[in-house]
Structure formats: structure tokens, C-alpha cells
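The structure appears below as C-alpha cells.
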Amino acid sequence: MELFTNQVLAGVATGAIYACMALAVVMIYQAIDHLNFAQGEMAMFSTFISWQLMQWGIPYWWAFLLTLAISFAGGILIERLLFKPLAKAPVLTNVAGFIALFAIVNSVAGLIWDFTIKQYPTPFGSSPFLGSQLISTHQAGMIGVTLLMLVGLYLFFQFTRIGLAMRAAAALPESARLVGVNTSWMIALGWGMASAIGAVAGILIAPVVFLEPNMMGGVLVYGFAAAVLGGLSSPLGAVIGGFLVGVFENLAGTYIPGVGNELKLPIALALIITVLVFKPAGLFGRAIVKRV
Amino acid sequence: MMLSTRSAAFATALIASIAVSGSALAQKKYDTGASDTEIKIGNIMPYSGPASAYGVIGKTEEAYFKKINAEGGINGRKINFVSYDDSYSPPKAVEQARKLVESDEVLVVFNPLGTPSNSAIQKYLNSKKIPQLFVATGATKWNEPKDFPWTIGWQPSYQSEARIYAKFLMKEKPDAKIAVFYQNDDFGKDYLKGLKDGLGAKASMIVAEESYETSEPSIDSHIVKLKATGADVFISITTPKFAAQAIKKIAEVEWRPLHIVSNVSASVGSVIKPAGFENAQGILSANYAKDGADAQWDNDPGMKKFYEFLAKYYPEANKLDGSVVYGYGAAQTMVKVLEMCGDDLTRANVMKQAASLKDFAPDTLLPGVKINTSAKDFAPIEQLQMQRFKGEKWELFGDIISGELNN
Amino acid sequence: MSAAAEDAVTEAPAVEAVPKRAMTLGTGTSLVILAALLVTPIFVKNFVVFQMTMVMIYGIAVLALNILTGGSGQFSLGQSAFYALGAYTSAVLMEVANVNYALTLPIAGLVAFGAGYLFGKPALRLSGIYLALATFALAVAMPQLLKLHFLEHWTGGVQGLTVMKPDAPFGLPIGQDKWLYYFTLAISLAIYIGSINLLRSRSGRAFMSIRDNEIAASAMGVDVAQYKTLAFGVSAGITGIAGGLSAIVVAFVAPDSYTINLAIALFLGMVVGGVGWLPGSFVGAAFIIFVPNIAESISKGLSGAVFGVLLFLVIFLVPHGARQVAMVAQHLLGKLTKKN
């Protein structure tokens, strides 16, 4: 029983990483209606920027804010330079563009900062949280920040004009244009916000997994899985999805005899697909009715 | 002043003429890839893809050969180092190996990296009788001169290192309850086998085996699970990122096992320091090379040469990265073999010389560790020394141990 | 159906604008290319012959994906899993059961077909991004499945399996590489012609009607579920044959050969070649083999970045891939002949 609780707790702690990334995934999906394969790499690059700023002697929180600003601007820049020209191209061509961006960002980061792992500081400390050694104060802080971002995003998309306009631009671009939404800039804004949220995710994840150019590879797979499980249109779903994937995976690894540990990830993914078969729009996603 | 220069020049000329007549007697012999002016060396590295961290090895080797060329080359011949990217994908490694052999026409393929990639090209290179020299992997299978006379390893094999830990544990902690944490690939499995072989009848000391995949972002849950087994020895057969995560997590959950970390992840700069010195006190490992991040070698003559080389030929290198030290040692071994070949630069002779290294000690190996090979022994480095982490550096202890598999 | 999937159908003229005749090359052009392919090995080094063989093998795999995506409108990031299945089937049959290499290919195809068909069943309920994730999961899981300890006896586990490279049969006086080249060429040709006929057949028309409008297709009496799973099965089967060929030609299989990177490469091959244009598959395959080499020759430290930039250039210039180039060329050619 103790092992069970411990694994659930450890799962929640790891799940926080996935939830964080899943939020960024949902953000970009809301804005552009695709999954951005380069998102993890962009987050990694942002994290390196903040690390570099701190190496130059800028205090943590200033580096944090500066990084958010740089990432926001960077996201917009990437959209304007690379993806706006592809707006008329087929969807699959856009996906190829994401893959190209992935290769570029990863390789440039490797050249600038090399591939050795780097320690990344945490503002929350890493002592045990509430007496449990399984969740450190950093992980608790991470869960806290994720929830804060979630509330922020919810309010933004639900109640602000610009948030609503962004949703409209992504869901029904034609109609949105008709009511006067500048859909092109809404997409750029979405890229900027997704990039900034990704930066927060990277900065929170780096103290746990260590900073290096390949740090987000695995995280992104889980982030996608979590976002899809929760429903791509729902930030809340993405966060819950993240925690569920973290816990699922640990329990599968611990309790399925024989192959559980070797096949942790495949089992978790299979479970997600099973859920999707029954709820094709994810746990919290709105099902869209097809019309002819 | 004038006189002395002149006499020096005369002396040089004299020596040169003796050397020339000597080599004329020995008759120059070449295979494809070698000539009076050039020796072509091929190499395959994962410059891109999941294992791109190791690309540094290839870059270090390139810089080292640049240094050799700047200093006049080997017996007057310049090294032409052709290195290709295989992204750690075996089919790509086959393509690149064939390109090196059939299109670039290299004399040898030197230090290609990765067990899967080397396994993929081994049969091809052996059938073409191209030396596959000093492969950059610790699998045991490179030491099979009978079946694969053209393939030779370099670093100590994973299995022999694991046996050293097994011996140590049986002697120092015979009642140990061992938890093994390993990467689910050739590297992890080889170690595990070595450990079990080394423990022999006492393999029941292993109370838990847990594997992880490199795609996992965090390994926390494995550590929680292993802690719950009540083991008091933790053997970490991991690559740097995961080794550092394990060191940190074990400290966080206040588990205090005897912690042994594999040599692959014993680097102070790229593992221990990021994981936190305070978390790493008392960790054990074994090593054969000096650590570029360890202050105790600052005045070591060999490492001084290494640092000078970095400053001049590879200034952008991160000396904390164990791969740089590795590439330097491997390249130095290659140069040594080519020097021994003299003017007989046939592939057969290169292989013969690679298999007749006697007590060769590259600058970066630990004092006392020497490279020895013979026609029956294709495992160049077989010695390691145990070390314990204290303060901010490794302290070597005990004798230099040979991990030869035939004992 | 998610909005994304609707996009994939409505916003992708590359998929829609391909009527079945435009999916292929004219007979004249085809014959010229075939003649060129037949004689080239005589003039080039064995290493180039090997590379061309690999282009054809990847070409077959890209073509298989093209049938699925360009033909039936379904998307897959999991082709590497079927490729791996084919490769391991061939390798295990050859090394453990001593089956003749040529005979292992149909078996590899059948095994992969079965797996694809079964996978296509639950995948039926998924579309767009959800289907992408499901197939992606398959690609991620496959190397781990191949490493499973209780399969080690056959698969060689993490160490992989070395395969004997076959010699030319009947004492033909050509080397292994040239023999395998012609062997692969023959199979590629058979699969290429077969695929064209498939897409022109009743089933092909059914695939395309699903691609263009699923609901309309079902209203017209097309058994949507049946044809969608069939498309998955056929695509997987062809990919499996490509995988089997690769095991024979590379003479080695290991879990590291079939990671998600392979699935991504095949996907890129399809986009670069032009979605829905079958001959483009081979152009795309050439891209994924040669462009990384070019990138690496430009800069070793930044080979990934150079590759990314080159890829961007291609999709900026020709968002519809090689197909667009071919169409423009055809157009110009048409003008020229008219003038004359």
C-alpha cells in the first residue's frame, strides 16, 4: 500500500511536468489548429536563454521575465518569418515545417551550449514538501504555477475580447474575418503566447531533468499524449491529462508483471488510445458534430 | 649563433638522410588510402540525432589530427580525416561506411561510435579487409580476433568493468542487497551480464533489477520503486543525464545506499557537478582516464599537454566534457599505431601494429593504466582503478585492477 | 470529426487536386526513367548502387504512406513500426529458420498487412490529430517491443541480428550490390504498377471518395469502415515489404534502426515528393537520403540546422513538392510543343 501511495505521488510529481508542457500544446492548438512538433525545442531554447542570462549575472526573476518577453517576441517572429508564408500551403507541408524548425533549433542549441547537462536553479528549493520526500517543494511549486497558468488561460480565453477573437480565428477563420477579427495577427499572437508558456514549462522542468538540448524530446511526447487525452480544446483537460498520464505510467510500471517496467510508455499510450476510441475528442474536449 | 644553427641543420640533414636510406631499405608499401604524402582515415559519429552529445569525440579527433599535421604529420605524411554523420542509425552507418571505403577510399575506419552502428558495419568491413580500429563502444564482442580479425576495441569493456564492481562487493560487502538500475539497451544489458557473471553463485545478492528508456523525461518513479525494495547497494548503469537525476533523486528521498555509478557517467563536469557535490559524497566508480574537470590533474604533465592542445587547436571545447578526453586518447592511440607502421602502410600491417601495442600510455590515461594488445588480445584498455567521490573530486583507491574476462 | 481533420481534407489541394490519372507519369517518361535505372549500375561505383537501392526501398515505403494519405486521406506517423515488423520478419526467417531471402518478402508483407489491418480497426474511430497521435504511439512503442526480453531468442534483443547478404542466383556474373539493385528494382516496379492499378480500381476509387468526403462516400454506398482499414492494411503491407528488403540489403536489423526518426523521415519524403503523386515518392526518398549528406558536408556542427533550412527552402519554393515541379515542367513542355 505504501508503494502504491508512493508511486501515485511520484506520478503526480512527474505528471506536473507533462501538464505544464500539455498546457503549451493546447495553447498553440487553440491558436493555429495544429500540434507544433517544434514546441518542445522552442521551450528548451527559451530555457537556455534564461540560463545564459543568469550566467551573465542577471537575477533569477529578472531573467525569468526577460526570457518570457524574448520568447513571446521570438514566437511571433517565427510565425511571421516562417509560417505566415506557408499559410496557403497544405497542412502536411506545415507539419514538415515544424519538423524543419525542430531540427534547426535543436542543432543551434547544441552548437551554442553543447550537449553536456547543466544544472538549473529553482526558486522553490528542493526540500521535501509537507513532510513527503516524494514531492519536493520545487515540484509543488511547479504544480502551483501550472494551476495558476491554467486559471489565467481560462480567464483569457473565456472573458477577454482578444482571447475570444483568438478562439474564433482558430476555429472558424472565415466567419472570424467577417466579424472583423484580424485572423493573421491572432495566429501570430497565439505563437507568441504558446512560446512564452513553453518557456515557463521549460524553466520549471529544467531543474528536474537537467538542461541540455535534448531535454524536451521525451517530455513533448508525454505532453502531446496528455493534451490529447484531456482534449485539445480544454486547458483544464490538458492539465488533468498530464497528471493522469504520470500516474498511469507509474502504476503500469509497478504493477503489471513481466513487461510492465519495460513497456511503461507503450502501455500508457495504448491506454490513451483506448480512451480516445471511446471518447474521440478526449476526456474534456467538445465533440464537434460533422456536417456534409 | 650562426654556427650552431648551421651545425644543427647539418645534423638534421644527416639524421634525415639516414632515416631515408633506412626507409628505402624497408621499402614503402601502400594500400588504398595511403601514399607518400597522405594517410586517409575514415570515421563515423552521431553528429545529429539522439546521441549527438558524442559528436564531440569526432571533433576532438579532427582537432588532434590537425595538430599532428601542423607538427609535420606522421613520418612526413599528413592525416586526412574524413568523418561522417550517421545520426546513430545503423542503416545510415552502413551507407557511410561504404562511402568511406568505396568512394573516399580510406585506409582504415577509426573509432566509429555506438554498438548498433558498429555491429551493422562489422561484417562489411571484415569482408573487405578494412581495419575497424578502436571502436567507440564498450561491448565485449569487439575482442574476437578469430571471427573478426579486422575489428578491435579500445576502451575497457562494460562487462569487465561490471566484474570489478562484483569483485569489490563480494569482498567488501558480502551481505549486500543490490539494486541494479540500467538503461534498456546494449550498454545496460552488457553491464548487467558482467555483473551477474562476476557475482557468479552469489548473483542472488541482486534483489532488484529495473530498466529505463532514454525517452523517459524523469526516472523518479524507478528510484522510488527501488528504494522500496530495501536494497543497500545501488548500481547505476546509466548515461550522464540519468546518472545525475538518480544521484539527485536518491539524495532527495533520503535513501543512503552504497552508490556505484558506471564509468560512462563518472565525469565530474558533466554528471557530478550538475547533480550537486553535496549529493555525491561517497559514490564509487572505476576509471581508466583522467578527468578534465578534476583539479588534481592540473599539474600532471600528460594533462598539461592535453590542455595546451585544447587551447591551441580546439578552444571552443568544453574540457569538463568526458568525451573530449576520450577523443584525445583514442586519436593518440591511432597516431601511435601509424607511427609504428613506418612506411608499410598496408591495411594488414596497420592491423598487425594495432595488435602489437606494448605498454602504450596516452596522456589522458590514469597513471599505471597501459594499452596492451596482441594477436590474441584485441582489448586495448583492460585496466581500471576504483575511485570514491570526496569533496569535489574523485579519490583513487586500491590497485589498478585488470578486468580481463578470462579469469 | 475534428476541425483539423476537416482542414486536412478541405485545405489540402495537394490531396484533392489529384485525379487518378495525374497520380502517375506518362508512359514515355516512365520508359525513359526505367531504361536509365536499368543501365546506371553499369557505370557507377558499388557504393552508389547501394545508395540507389536504398532510395528505392525508402521510395516503396513512402509510396505506401502515399497510398494511405494521398489515397484514402488518413494520416500516419507510425510507418516505421510496419517497416520494422517487415524487416524483423525477413531477418528472423532468414537467420533463424533459414528461409530463402526472396521468400521472406511476401511473408513480411503479409505480417505487416495483418498488423496494419488490425491497427486500422480501432484507428477507424480516430481522425486527424488523434490518428496522428495513435500512429505516433505505435512508432514510439515498436523499438521497445523489439527489445522485449522474452523475444530476445529470435530478435537478438538490443544487439540486433546480422543477416547474410545474398549472392546473385544461377551463378550470374554480377556482384551482390548490383544483384540486389536489380532485385529491388523489379520489386519496386511491381509494387509501383500494382499501386497504380489499385488506385485506378474500384477500391482505389472508394479510397479517394473517402478522402474527399467521407459522409458523401458512405451515402453513395461505400463501406467506409472496410475501405479505411483496408487502406491501412495495404499501406502497412507494402511498408513491410520495404522493411524486409532493407533487412536484406543492409544485412542488419536492430531496434535503433526503426525509431520515430524513421517515421518522420518517411513523412518528410511524402511531403517533399508531393502528397498523392506516386512517382514523387521516389523523389522524396532521394531527398531523405541525400539531403542529410549535403547538410553534413556544409557544416558538421550544424548539420541539423542546415537540413532544416534546406527543408524550409523546399517547402517555401514548392509547397506541393516534386509534383508541383513536374506539373510546371509538363505545362512548359506542353507550351513548347504547341509552338512547334
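Within the range B:361-384, is there a residue that is assigned to a strand (DSSP E or B) and hydroxyl-bearing (Ser, Thr, Tyr)? Walk me through how you get there before you give the answer.
Quick first cut of the range B:361-384, residues assigned to a strand (DSSP E or B) only: B:365, B:371, B:374, B:377, B:381, B:383-384.
Narrowing the set further to residues that are hydroxyl-bearing (Ser, Thr, Tyr) leaves B:374.
Yes: one or more hits.
In the range B:189-239, which residues are more than 17 Å from B:ARG256 (Cα to Cα), aromatic (Phe, Trp, Tyr) and more than 14 Å from chain A (Cβ to nearest Cβ)?
Matches in the range B:189-239: B:TYR191 only.
Within the range A:104-115, is even one residue touching a strand residue (DSSP E or B) at 6+ places or on another chain (Cβ under 9 Å) and crowded, with 21+ Cβ neighbours inside 10 Å?
Scanning the range A:104-115, I find no residue that is touching a strand residue (DSSP E or B) at 6+ places or on another chain (Cβ under 9 Å) and crowded, with 21+ Cβ neighbours inside 10 Å, so the answer is no.
Can you tell me which residues in the range A:239-278 are more than 10 Å from chain C (Cβ to nearest Cβ), modelled with pLDDT of 75 or more and outside any helix (DSSP H, G or I)?
Passing the criteria: only A:ILE256.
So which helices (runs of 4 or more DSSP H) are wholly in the range C:178-288 and hold at least 3 residues that are within 30 Å of C:GLY157 (Cα to Cα) and charged (D, E, K, R)? Show your work before the answer.
Numbers: elements: C:202-212, C:214-219, C:224-250, C:260-273.
Hits in the range C:178-288: none.
Of the numbered conditions (1) over 15 Å from A:GLN39 (Cα atoms); (2) at pLDDT 85 or above; (3) out of contact with any Ser or Thr (no Cβ under 9 Å at 6 or more places or on another chain); (4) surrounded by fewer than 24 Cβ atoms within 10 Å (Cβ to Cβ), A:ALA165 satisfies every one except a single condition; which is it?
(3)
Of everything in the range B:125-149, what is surrounded by fewer than 21 Cβ atoms within 10 Å (Cβ to Cβ) and in a helix (DSSP H, G or I)? Give them in sequence order.
If the condition is that a residue be surrounded by fewer than 21 Cβ atoms within 10 Å (Cβ to Cβ) and in a helix (DSSP H, G or I), then B:ASN126, B:SER127, B:LYS128, B:THR140, B:LYS141 are the ones that fit.
Please determine whether any residue of the range C:141-160 is touching a residue at least 12 places away in the same chain (Cβ under 8 Å) and touching a strand residue (DSSP E or B) at 6+ places or on another chain (Cβ under 6 Å).
yes
Restricting to the range A:213-230, give me the number of residues that are assigned to a loop (DSSP other than H, G, I, E, B) and crowded, with 24+ Cβ neighbours inside 10 Å. Can you show your working first?
Here is the first cut: in the range A:213-230, the residues assigned to a loop (DSSP other than H, G, I, E, B) are A:213-215.
Filter once more, keeping what is crowded, with 24+ Cβ neighbours inside 10 Å: A:213, A:215.
Qualifying residue count for the region: 2.
Determine the pairs where a residue that is surrounded by fewer than 17 Cβ atoms within 10 Å (Cβ to Cβ), located within the range C:110-126, has a partner that is in a loop (DSSP other than H, G, I, E, B) with Cβ atoms under 8 Å apart, the partner being 6 or more residues away or on another chain.
These pairs meet every condition: C:ARG125/A:PRO280.
How about the range A:62-106: which of its residues are within 14 Å of chain C (Cβ to nearest Cβ) and small (Gly, Ala, Ser)?
Once the filter is applied, which keeps residues that are within 14 Å of chain C (Cβ to nearest Cβ) and small (Gly, Ala, Ser), the range A:62-106 yields A:ALA87, A:ALA89, A:ALA96, A:GLY97, A:ALA100, A:ALA103.
Among the listed residues C:VAL314, C:VAL318, identify the single one that is touching a residue at least 24 places away in the same chain (Cβ under 8 Å), within 11 Å of chain A (Cβ to nearest Cβ) and β-branched (Val, Ile, Thr).
C:VAL314
Give the number of residues within the range B:95-107 that are more than 8 Å from every other protein chain (Cβ to nearest Cβ), farther than 9 Å from B:ILE121 by Cβ and either free of Cβ contacts under 8 Å to residues at least 12 places away in the same chain or surrounded by 24 or more Cβ atoms within 10 Å (Cβ to Cβ) (or both).
3
Looking at B:LYS66, B:LYS78, B:LYS92, B:LYS59, can you tell me which residue is at pLDDT 90 or above and either within 21 Å of B:GLU213 (Cα to Cα) or within 14 Å of chain A (Cβ to nearest Cβ) (or both)?
Values: B:LYS66 fails: either within 21 Å of B:GLU213 (Cα to Cα) or within 14 Å of chain A (Cβ to nearest Cβ) (or both); B:LYS78 fails: either within 21 Å of B:GLU213 (Cα to Cα) or within 14 Å of chain A (Cβ to nearest Cβ) (or both); B:LYS92 fails: either within 21 Å of B:GLU213 (Cα to Cα) or within 14 Å of chain A (Cβ to nearest Cβ) (or both).
Criteria check complete, one pass: B:LYS59.
Give just the number: which of (1) in contact (Cβ under 8 Å) with a residue 12 or more places away in the chain; (2) in a helix (DSSP H, G or I); (3) more than 23 Å from B:TYR54 (Cβ to Cβ) does B:SER270 not satisfy?
(3)
Would you confirm whether or not the range C:289-304 contains a residue that is assigned to a loop (DSSP other than H, G, I, E, B), facing chain A (nearest Cβ under 8 Å) and buried (at least 23 other Cβ atoms within 10 Å of the Cβ)? Reasoning before the result, please.
So the first thing to find is which residues in the range C:289-304 are assigned to a loop (DSSP other than H, G, I, E, B), and the list is C:299-302.
Remaining after also requiring facing chain A (nearest Cβ under 8 Å): C:301-302.
Remaining after also requiring buried (at least 23 other Cβ atoms within 10 Å of the Cβ): none.
The answer is no, given that none of the residues of the range C:289-304 is assigned to a loop (DSSP other than H, G, I, E, B), facing chain A (nearest Cβ under 8 Å) and buried (at least 23 other Cβ atoms within 10 Å of the Cβ).
Restricting the search to the range C:113-162, which residues are of a type in the set (Phe, Trp, Tyr), under 30 Å from B:LYS141 (Cβ atoms) and at the interface with chain A (Cβ under 10 Å from one of its Cβ atoms)? Break it down stepwise before answering.
As a first pass, look at the range C:113-162 and keep what is of a type in the set (Phe, Trp, Tyr): C:113, C:117, C:119, C:130, C:136, C:150, C:154.
Next, from what is left, pick out any that are under 30 Å from B:LYS141 (Cβ atoms): C:150, C:154.
C:PHE150, the sole residue that qualifies.
Go through the range C:16-48 residue by residue and tally those that are within 22 Å of C:LEU199 (Cα to Cα) and modelled with pLDDT of 50 or more.
16
The values are calculated or read from the model by the stated rules, or taken from the named source; none is laboratory data. Since we're looking at a predicted model, the values are computed, not measured. When we count neighbours, we look across all protein chains shown, and the Cβ atoms used for this are built from the backbone with ideal geometry, even at glycine.
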